[in-house]
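Heads up: the structure comes next, in structure tokens.
The values are calculated or read from the model by the stated rules, or taken from the named source; none is laboratory data. Fair warning: this is a prediction, and the values are worked out from it, not measured in the lab. Note: ideal-geometry Cβ built from the backbone for every residue, glycine included; neighbour counts use all protein chains shown.
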């Protein structure tokens with residue numbers, strides 16, 4: 001069963017137990033659901049932002065050196 005969105009129900013389980021405590025019997029119903037996130041969640045929310053920030057960091061260092069280089073030649077041409 002697939003839910004629309006970022007999650008998928010991959011396994012469901014149902015367990016019915018009888019427990020005895022203080023000479024009384026209790027019925028216990030245990031229901032388990034295994035929910036799995038889809039891989040696109042990690043691509044869009046983790047990998048792409050990290051890659052964009054890495055590119056931005058590299059470009060900021062490159063841009064700073066480019067501005068210094070252009071300012072240096074612009075100042076030389078003026079004088």
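Some notes on this structure:
- Selection from segment 24-38 of residues that are loosely packed, with under 10 Cβ neighbours inside 10 Å and over 21 Å from residue 12 (Cβ atoms): 24, 25
- Per the conditions (1) at pLDDT 80 or above; (2) surrounded by 10 or more Cβ atoms within 10 Å (Cβ to Cβ); (3) in contact with a strand residue (DSSP E or B) (Cβ under 7 Å, 6 or more places away or on another chain), the sole criterion not satisfied by residue 10 is (1).
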